[in-house]
Amino acid sequence: MGLIGWGITAVLALGLGGGAFFAMHSGLVDGLLHAEETPHSEEGTETAKEHYLELDPLMISVGGANSVKQLRFRAFLQLADEAQTDVAALQPRILDIFATYLRAVSVDRLEDPTGLLHLRAQLLRRVQLLAGRDAVEDLLIIDFVIT
């Protein structure tokens, strides 16, 4: 392609890009991009409610025998609808699992900002092993303070 070919290609690219921007900005293609919502009756639809179980707060000594550091930990479990009472009955065992795991983790790892994601995944995995994968959907850490 010579200089004229590159010039024509550039003009066409700019023209198509500008036309696409105008069509999007002016709303000409909204009907094509967004699927039309079909009206539905309220009778057959039931909104899924999220259920949470607030775990009792934990205060754990961390850092070994000579350390005076304490970890304050508070969390919620997001539960499936049918598992609310079953998981609530397991709360003492869940707290024991959390306390045992958190005592075993080093203080350096607890203080690492990216370590909280790994810690959350490990705690959620342990709860799901105890209560069932379908019973506990998520773990929400509300309070995580080392003093």
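When Ile4 is tested against (1) assigned to a helix (DSSP H, G or I); (2) modelled with pLDDT of 80 or more; (3) surrounded by 10 or more Cβ atoms within 10 Å (Cβ to Cβ), just one condition goes unmet, and that condition is (3). If I ask for residues that are modelled with pLDDT under 75, aliphatic (A, V, I, L, M) and open to solvent by less than 70 Å² (accessible area, probe 1.4 Å), which ones from the stretch 14-66 would you list? If the condition is that a residue be modelled with pLDDT under 75, aliphatic (A, V, I, L, M) and open to solvent by less than 70 Å² (accessible area, probe 1.4 Å), then Val29 is the only one that fits.
How many residues does the stretch 76-118 contain that are open to solvent by less than 60 Å² (accessible area, probe 1.4 Å) and touching a Lys or Arg at 6+ places or on another chain (Cβ under 8 Å)?
First, the residues of the stretch 76-118 that are open to solvent by less than 60 Å² (accessible area, probe 1.4 Å): 76-80, 83, 87-88, 90-91, 94-95, 97-99, 101-102, 105, 107, 110, 115.
With the extra rule that they be touching a Lys or Arg at 6+ places or on another chain (Cβ under 8 Å), the set shrinks to 97-98, 101, 107, 115.
Selection size over the stretch 76-118: 5.
The values are calculated or read from the model by the stated rules, or taken from the named source; none is laboratory data. Small disclaimer: the values here were computed from a predicted structure and weren't measured. Every residue, glycine as well, gets a Cβ built from its backbone with ideal geometry; the counts of neighbours run over all protein chains shown. Please note that ligands, DNA and RNA were not included when accessible areas were found on the heavy atoms of the full protein model with its side chains. Shrake-Rupley method; radii C 1.70, N 1.55, O 1.52, S 1.80 Å.
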